[in-house]
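Chemist: Next up is a structure, given as structure tokens.
The values are calculated or read from the model by the stated rules, or taken from the named source; none is laboratory data. Fair warning: this is a prediction, and the values are worked out from it, not measured in the lab. Please note: Cβ atoms are built from the backbone with ideal geometry, for glycine as well, and neighbour counts cover all protein chains shown.
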Amino acid sequence: MSPLIIFDCDGVLVDSELLEHGVDAQLLGRFGCHADAHALMHRFVGIARTDMYDVVFAELGREVPAGLLEEREQLVWRLCRQDLRAIPDVAATLESLRGRPKCVASSSLPDKLAMKLEATGLAPHFAPHIFSTARVERGKPAPDIYLHAADAVGHAAADCIVVEDSPHGVAGARAAGMVAIGFAGGSHATAALSRALSDAGAALVIDRMADLPAASASLPSGTRSVDDPRA
């Protein structure tokens, strides 16, 4: 059995990080948080938005305003429907991986996650194996979502490869006992991101999705098959 490839969504499958953090910067600026989209992304990429807003407003010394997260979601949904694009080469890469087990494990809310994958035409590559941290107790960088995804698809943690664009995501994958590939090919990616992914424990970092099949095949993995008697 081939290793299970677990994909993050935002910044790995769809090019949404700058779009979403731009909305956050706009909204949070009303309340005295003057970090721009890049600063928010550097600090919070891979973290669930409810957790992010809790941290920001705790630092501002107040509660998250009622209705703010709902307003945020409405703005993001509208922008995603209008402007969201898949990461370059991702559709062709997924097609080349046809027949190999794969799934999505994302911090996006379930309905929004489904919308992003459907809007970019990527949902058929993964359905029904599309998982949100909203369904587990702890979000990234805890390992919960990766362990949940592996169990749901029927793979041992040691037989999984996780593709992540955030140090938090890489750390969570490593905490789950999985091999991580860092992806630094989204519009938000920088040389600093590549270094951060490596520092977080990524076995290797790629900046083109077209390089993923060869990269995943090259890993010495904790990728023993679940039907291996040594597993």
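Chemist: Name the single residue, out of those in segment 22-40 being of a type in the set (A, V, I, L, M, F, W, C) and not in a helix (DSSP H, G or I), that is nearest to V56 (Cα to Cα). I'd like the intermediate steps shown before the answer.
Modeler: Taking segment 22-40 first, the residues of a type in the set (A, V, I, L, M, F, W, C) are 23, 25, 27-28, 31, 33, 35, 37, 39-40.
Checking the rest, the ones that are also not in a helix (DSSP H, G or I) come to 31, 33, 35.
Details: F31: 10, C33: 8, A35: 10 Å.
Among those that are of a type in the set (A, V, I, L, M, F, W, C) and not in a helix (DSSP H, G or I), it is C33.
Chemist: For the subset of segment 95-120 comprising residues that are among the small types (G, A, S) and part of a strand (DSSP E or B), which member is surrounded by the most Cβ atoms within 10 Å (Cβ to Cβ)? Outline the logic, then answer.
Modeler: Of the residues in segment 95-120, the ones among the small types (G, A, S) are 96, 99, 105-108, 114, 119.
Next, from what is left, pick out any that are part of a strand (DSSP E or B): 105-106.
Details: A105: 32, S106: 28.
Result: A105.
Chemist: Of all residues in segment 46-63, which are surrounded by fewer than 16 Cβ atoms within 10 Å (Cβ to Cβ) and not in a helix (DSSP H, G or I)? Walk me through it before giving the result.
Modeler: First pass over segment 46-63, keeping only residues surrounded by fewer than 16 Cβ atoms within 10 Å (Cβ to Cβ): 50-51, 54-55, 58-63.
Once the filter is applied, which keeps residues that are surrounded by fewer than 16 Cβ atoms within 10 Å (Cβ to Cβ) and not in a helix (DSSP H, G or I), segment 46-63 yields G61, R62, E63.
Chemist: Same structure, new question: In this structure, does G177 turn out to be under 23 Å from A215 (Cβ atoms) and either of a type in the set (K, R) or not in a helix (DSSP H, G or I) (or both)?
Modeler: On the way: under 23 Å from A215 (Cβ atoms): yes; either of a type in the set (K, R) or not in a helix (DSSP H, G or I) (or both): yes.
Spelling it out, G177 is indeed under 23 Å from A215 (Cβ atoms) and either of a type in the set (K, R) or not in a helix (DSSP H, G or I) (or both).
Chemist: Further question on the same structure: Return the residues of segment 165-188 that are crowded, with 20+ Cβ neighbours inside 10 Å and among the aliphatic types (A, V, I, L, M); say none if nothing qualifies.
Modeler: V170, A171, A173, A176, M178, V179, A180, I181, A184 - these are the residues of segment 165-188 that are crowded, with 20+ Cβ neighbours inside 10 Å and among the aliphatic types (A, V, I, L, M).
Chemist: For segment 70-96, give me each residue that is among the aliphatic types (A, V, I, L, M) and modelled with pLDDT under 95.
Modeler: Applying the first criterion (among the aliphatic types (A, V, I, L, M)) to segment 70-96 yields 75-76, 79, 84, 86-87, 90-92, 94.
Across segment 70-96, the qualifying residues are L75, V76, L79, L84.
Chemist: Can you tell me which of (1) part of a loop (DSSP other than H, G, I, E, B); (2) within 16 Å of G46 (Cα to Cα) is the one H155 doesn't meet?
Modeler: Of everything listed in (1) part of a loop (DSSP other than H, G, I, E, B); (2) within 16 Å of G46 (Cα to Cα), H155 misses just condition (2).
Chemist: Exactly one of (1) loosely packed, with under 15 Cβ neighbours inside 10 Å; (2) in a helix (DSSP H, G or I); (3) at pLDDT 90 or above is unmet by R43. Its number?
Modeler: Here R43 meets the rest and fails (3).
Chemist: Taking S198 as meeting all but one of (1) of a type in the set (S, T, Y); (2) part of a helix (DSSP H, G or I); (3) modelled with pLDDT under 95, write down the number of the exception.
Modeler: Checking S198 against (1) of a type in the set (S, T, Y); (2) part of a helix (DSSP H, G or I); (3) modelled with pLDDT under 95, the one that fails is (3).
Chemist: If we scan segment 117-131, do we find a residue that is free of Cβ contacts under 8 Å to residues at least 12 places away in the same chain and of a type in the set (S, T, N, Q)?
Modeler: Narrowing segment 117-131 to residues free of Cβ contacts under 8 Å to residues at least 12 places away in the same chain: 118, 123-124, 127-128.
Next, only the ones that are of a type in the set (S, T, N, Q) stay: none.
No, that holds for no residue.
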